[in-house]
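Single-structure report; data block below.
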Ligand SMILES: C[S@@+](CC[C@H](N)C(=O)[O-])C[C@H]1O[C@@H](n2cnc3c(N)ncnc32)[C@H](O)[C@@H]1O
């Protein structure tokens, strides 16, 4: 992947107020609940790293070299024991049934082929393993979805490939997961540009036993 230099450079400052307002709590719960051998996809600058429990083994992946560089720096500074690999979620270089947990936060909006990424996650998870996810998604209403579709080309350009209009929960279900836990929230204010990425989902999807 060529990568998005400027997006990586501003990502942490852009995310700072959301981290304080709700993402810190989301990461505490979602990442803090990871068990066993853990794979993170689309790790970005590594904002999840400090939230992993001490007793898990984590391999974090990220395809963008600019993000990866920042994640590596964060790891060095924090001393967290996490292995970092350059890889896209559509093609993950690991064996079948080799992870207990996969973590993905704010990733499926940016992955070019979410169906392929989810097939990979399913392949890598052990039977009964958990995919722990947090995503911004498509509005339930046709009106909201219409505006997300309309803004998508511009949004994608400014957001380094981000799609505001994806029905990610449905894509997860279509990949053969069962949804064990799901919370829908709208943590952002109803004003542009945040209004276009307002519906969020936090969930746990289970790989079939
Ligand atoms: C909005 S950022 C989220 C970063 C991080 N997960 C977080 O919670 O802060 C989206 C991330 O998805 C990554 N990404 C884009 N395409 C991807 C792909 N094909 N596979 C995995 N990650 C991808 C981007 O490089 C970026 O780091």
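The values are calculated or read from the model by the stated rules, or taken from the named source; none is laboratory data. Note that the structure is predicted; figures quoted are calculated from it, not measured. When we count neighbours, we look across all protein chains shown, and the Cβ atoms used for this are built from the backbone with ideal geometry, even at glycine.
Figures for the structure shown
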item: Residues of segment 32-46 satisfying the condition of being crowded, with 22+ Cβ neighbours inside 10 Å and either more than 9 Å from the ligand (Cβ to nearest atom) or assigned to a loop (DSSP other than H, G, I, E, B) (or both); result: 34, 38, 39, 41, 42, 43, 44, 45, 46
item: Residue tally, condition more than 13 Å from residue 92 (Cβ to Cβ) and more than 15 Å from the ligand (Cβ to nearest atom), over segment 111-131; result: 5
item: Near pairs, Cβ below 8 angstrom, 6+ apart or cross-chain, from segment 1-22 (closer than 16 Å to residue 71 by Cα and in contact (Cβ under 8 Å) with a residue 12 or more places away in the chain) to any residue that is away from the ligand (no atom under 11 Å from the Cβ) and part of a helix (DSSP H, G or I); result: 8/69
item: Selection status of residue 108, under 30 Å from residue 157 (Cα atoms), in a loop (DSSP other than H, G, I, E, B), within 12 Å of the ligand (Cβ to nearest atom) and at pLDDT 95 or above; result: yes
item: In segment 111-127, residue nearest to residue 208 (Cα to Cα) [restricted to those that are in a helix (DSSP H, G or I) and touching a helix residue (DSSP H, G or I) at 6+ places or on another chain (Cβ under 8 Å)]; result: 118
item: Check on residue 87, modelled with pLDDT of 95 or more, farther than 29 Å from residue 190 by Cβ, near the ligand (Cβ under 8 Å from one of its atoms) and within 18 Å of the chain's Cα centre (by Cα); result: yes
item: Any chance residue 67 is part of a helix (DSSP H, G or I) and within 11 Å of the ligand (Cβ to nearest atom); result: yes
